[in-house]
1. Taking the range 36-55 as the region of interest, how many residues are more than 23 Å from P156 (Cα to Cα) and not in a strand (DSSP E or B)?
2. When the residues of the range 89-99 are narrowed to those that are of a type in the set (A, V, I, L, M) and assigned to a strand (DSSP E or B), which ends up farthest from R126 (Cα to Cα)?
3. Here is a check on your reading of the model: is R70 modelled with pLDDT of 95 or more, in a helix (DSSP H, G or I) and more than 14 Å from L159 (Cβ to Cβ)?
4. Assess whether A218 counts as being touching a Leu at 6+ places or on another chain (Cβ under 6 Å), of a type in the set (A, V, I, L, M) and modelled with pLDDT of 95 or more.
5. I'd like to know if the range 56-66 contains one or more residues that are in contact with a Ser or Thr (Cβ under 8 Å, 6 or more places away or on another chain), assigned to a strand (DSSP E or B), surrounded by 17 or more Cβ atoms within 10 Å (Cβ to Cβ) and of a type in the set (K, R).
6. Confirm whether A254 is out of contact with any Asp or Glu (no Cβ under 9 Å at 6 or more places or on another chain), of a type in the set (A, V, I, L, M), more than 16 Å from C58 (Cα to Cα) and buried (at least 21 other Cβ atoms within 10 Å of the Cβ).
7. Got a number for residues in the range 204-215 being surrounded by 14 or more Cβ atoms within 10 Å (Cβ to Cβ) and over 23 Å from D265 (Cβ atoms)?
8. Taking the range 180-211 as the region of interest, how many residues are within 29 Å of K247 (Cβ to Cβ), outside any loop (DSSP other than H, G, I, E, B) and within 20 Å of the chain's Cα centre (by Cα)?
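The values are calculated or read from the model by the stated rules, or taken from the named source; none is laboratory data. Everything numeric here is computed off the predicted structure, so don't read it as measured data. Counting neighbours? That spans all protein chains shown, and the Cβs are built from the backbone with ideal geometry, glycine included.
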Amino acid sequence: MSKLATSKPATLHEQASQTAARIILKEPYYEAIGGEIGLFEAAYATQIPVLLKGPTGCGKTRFMEYMAWRLKRPLITVSCHDDLTAADLIGRYLITNNETVWVDGPLAQAVRCGGICYLDEIVEARKDTTVVIHPLADDRRILPMEKHGELLHAPPEFLLAMSYNPGYQSVLKELKQSTRQRFVAIEFSYPQAALEKKIVIAETGIEPALADQLIRLAEMTRNLKGNGLDEGASTRLLVHAGKLISKGIPARAACTGAVAAALTDDPDMLRAVNELAGSLF
């Protein structure tokens, strides 16, 4: 028979190891597109949780990595999905070595170590799951762990952050007002052409002329949003294409794989995006 654990969730050594694994030691490459760095730092200093809003591939996750490095705090990222439960975030009892032990979830780990917990694409999580963050996202700054009989108080260093893409909102996937009004929102969009070109060159090493063509392709596809495409080509997709080109893949083939096929499965739209690439390369 298994023995019921009555004590600590993990040893201090185990917690330190988990935390160290998420500390970002090398500065991530990030180009500011506005005043987002100062706004995030002010929110962190005043213990206000942060909501990042913007299209996919525009740099939200890279920004979080950069801010964790800048603030010298551990970053714990959770990719939200339909099956994410409250226990997945907070923790649960597991049987190991014939004993029942409590294992902290990522949210509890971040609170304990005074880190940054980043809930990526929060609208993908079930609404009954997101409710568990409410006590952490207001003046209480507590995490009730009812199954473990513990009430965690967040230290000043802890920050809760989350992101979502407003373009994907629907009746079924909409961020509740009771959740969003607990956060300071930072709006993200794709960079201006000159800055996006600088990012693509820095990330891929391709020639400026090729970067210009990729930026132009992105602008063309973004003009198709709502007219056959759910989203235009993101900065991330341009970087993917640039990396393929830098490894010797012909530009049109790189754009087909990294841009056109990544944006749509519709044969007509695939043909249209490929024709746009063909007009440039």
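1. So in the range 36-55, the residues more than 23 Å from P156 (Cα to Cα) come out as 53-55.
Right, trim to not in a strand (DSSP E or B) and you get 54-55.
Residues that pass the stated criteria total 2.
2. Looking at residues that are of a type in the set (A, V, I, L, M) and assigned to a strand (DSSP E or B), I get I95.
3. Spelling it out, it is not the case that R70 is modelled with pLDDT of 95 or more, in a helix (DSSP H, G or I) and more than 14 Å from L159 (Cβ to Cβ).
4. yes
5. No, the range 56-66 contains no residue that is in contact with a Ser or Thr (Cβ under 8 Å, 6 or more places away or on another chain), assigned to a strand (DSSP E or B), surrounded by 17 or more Cβ atoms within 10 Å (Cβ to Cβ) and of a type in the set (K, R).
6. Yes; evaluated as a whole, the condition is true for this residue.
7. Number satisfying all stated conditions: 7.
8. Residues in the range 180-211 being within 29 Å of K247 (Cβ to Cβ), outside any loop (DSSP other than H, G, I, E, B) and within 20 Å of the chain's Cα centre (by Cα): 4 in total.
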